[in-house]
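One structure is given below, encoded as structure tokens.
The values are calculated or read from the model by the stated rules, or taken from the named source; none is laboratory data. If you're wondering where the values come from, they're calculated on a predicted model, not measured in any experiment. Backbone-built Cβ (ideal geometry, glycine too); neighbour counts: all protein chains shown.
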Amino acid sequence: MTVKKIKVVTTVAPITSIVENVAGDKVDVAGIIPEGINSHTFEPIPSDSKLLSGADLIILNGLDLETPTLKLAQANLKQGASIYSLGDKTVKEADYIYDFSFPKVQGHPNPHLWLNPEYAMRFTTLVRDELARVDPKNKTAYEENATKFLKKLETLDQAIKDASVTIPPQNKRLLTYHDSWPYFARRYGFQVIGAVQPSDFADPSPKEVIRLIEQIRKEKVPAVFGSEVFPSPVLEQIAREAKSRYIDKLRDDELPGKPGEPQHSYIGMMVENMTIMFEALGGSTDALKKVDTAPVAGAHADYRRKD
Ligand SMILES: [Zn+2]
């Protein structure tokens with residue numbers, strides 16, 4: 001006899017990975033936002049309503065990251081199904097960060113909570129409890145998986161702490177293209193000195209470009225960071241003129257490797273980011289090399305790719 005699995009739809013790949021770790025093979029998990037796509041402007045296509053209307057549970061980051069997906073989910077919600085937003089149960093409004101690409105005047109907080117592993121731990125316990133509520137027959141499995149995953153997240157957190165203290169203090173400053181690191185920075189003592197991408201995700205103005213070049217020169221920032229999802233000729237030009245290194249390999253919601261490979265996971269993404277970032281800022285990445293990245297109960301989720 002086959003037992004019917006519950007269907008859970010998630011949004012960005014790091015959250016899909018967190019849910020995959022807790023759910024193991026007990027749930028059909030599908031991520032709706034393809035990896036390698038701009039999650040901030042992602043609009044689901046009409047056929048995605050079928051995926052959403054079949055879900056027993058839809059798990060979002062929240063903090064206004066996935067508004068079009070949330071609207072389509074609300075319009076297509078199956079009877080008895082629910083929508084669960086992790087972000088507002090993780091940080092109090094007083095701790096929301098508004099900054100470069102997410103200015104307070106526009107009213108949308110910076111949504112990149114998951115890049116702080118402490119918040120990923122909170123996401124994990126929320127997912128564990130919500131899966132147990134929706135699917136009580138598998139409660140024990142969710143609890144066991146979550147316990148194992150939380151232990152791995154603690155190991156990751158400690159490894160990031162150990163590696164980050166090897167960076168010369170004057171280098172613990174981040175200038176990035178995409179504005180995804182403030183919650184990470186707050187936990188590990190980095191200062192985000194700027195994010196180049198304006199709030200409308202267009203290119204910065206020529207005036208802003210000149211200001212950034214001057215800031216990098218003045219503050220002697222050793223490296224500036226672009227991201228996989230947002231190739232930025234402008235940031236490259238800024239780095240060249242300011243005589244700083246340009247590294248375009250950070251990722252905030254695209255996992256490294258392919259589904260089924262051990263690095264294709266939330267932890268894998270963090271280890272890869274930290275290795276790139278800390279090396280460029282003059283730190284040692286030895287502590288990160290010991291971190292095991294594979295999902296605790298195997299690879300089961302359905303991830304979409306841009307291409
Ligand atoms: Zn982002």
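Points worth noting:
- Any strands (runs of 3 or more DSSP E) falling wholly within region 1-95 and containing at least 2 residues that are under 25 Å from PRO231 (Cβ atoms): none
- Subset of region 213-245 that is of a type in the set (S, T, N, Q) and surrounded by 15 or more Cβ atoms within 10 Å (Cβ to Cβ) - its residue that is nearest to the ligand (Cβ to nearest atom): SER227
- Considered as a group, the residues in region 59-74 that are within 16 Å of the ligand (Cβ to nearest atom) and of a type in the set (S, T, N, Q) include one that is surrounded by the fewest Cβ atoms within 10 Å (Cβ to Cβ), and that residue is THR67.
- Enumeration of residues in region 135-158 that are surrounded by 18 or more Cβ atoms within 10 Å (Cβ to Cβ) and more than 18 Å from the chain's Cα centre (by Cα): ASP135, ASN138, ALA141, TYR142, ASN145, ALA146
- Some residue of region 276-288 being among the polar types (S, T, N, Q), away from the ligand (no atom under 16 Å from the Cβ), crowded, with 20+ Cβ neighbours inside 10 Å and touching a residue at least 24 places away in the same chain (Cβ under 8 Å): no
- Filtering region 260-270 to residues that are more than 14 Å from the ligand (Cβ to nearest atom), within 11 Å of SER17 (Cα to Cα) and either at pLDDT below 95 or not in a loop (DSSP other than H, G, I, E, B) (or both) leaves TYR266, ILE267, GLY268.
- Residues being touching a helix residue (DSSP H, G or I) at 6+ places or on another chain (Cβ under 8 Å), among the hydrophobic types (A, V, I, L, M, F, W, C) and either within 30 Å of SER205 (Cα to Cα) or surrounded by fewer than 16 Cβ atoms within 10 Å (Cβ to Cβ) (or both) - total across region 75-101: 3
- Residue check for ASP64: at positive phi and touching a Pro at 6+ places or on another chain (Cβ under 8 Å): yes
- Selection within region 21-58: residues that are within 16 Å of the ligand (Cβ to nearest atom), modelled with pLDDT of 95 or more and β-branched (Val, Ile, Thr). The member of this set that is nearest to the chain's Cα centre (by Cα) is ILE33.
- Residue pairs whose Cβ atoms lie under 9 Å apart, separated by 6 or more positions or on different chains, with the first residue in region 295-307 and under 13 Å from ASP25 (Cβ atoms) and the second of a type in the set (Lys, Arg), are VAL296/LYS148; VAL296/LYS151; VAL296/LYS152; ALA297/LYS26; ALA297/LYS148; HIS300/LYS26.
- Filtered residue count, region 163-200, keeping only those that are loosely packed, with under 15 Cβ neighbours inside 10 Å and more than 16 Å from the ligand (Cβ to nearest atom): 7
- Enumeration of residues in region 292-307 that are surrounded by fewer than 21 Cβ atoms within 10 Å (Cβ to Cβ) and either modelled with pLDDT of 95 or more or in a helix (DSSP H, G or I) (or both): ASP292, ALA294, VAL296, ALA297, GLY298, ALA299, HIS300, ASP302
- In region 121-134, of all residues being under 19 Å from PRO14 (Cβ atoms) and in contact (Cβ under 8 Å) with a residue 60 or more places away in the chain, the one that is surrounded by the fewest Cβ atoms within 10 Å (Cβ to Cβ) corresponds to GLU130.
- Of the residues VAL209, VAL127, the single one that is closer than 25 Å to ASP88 by Cα, aliphatic (A, V, I, L, M) and in a helix (DSSP H, G or I) is VAL127.
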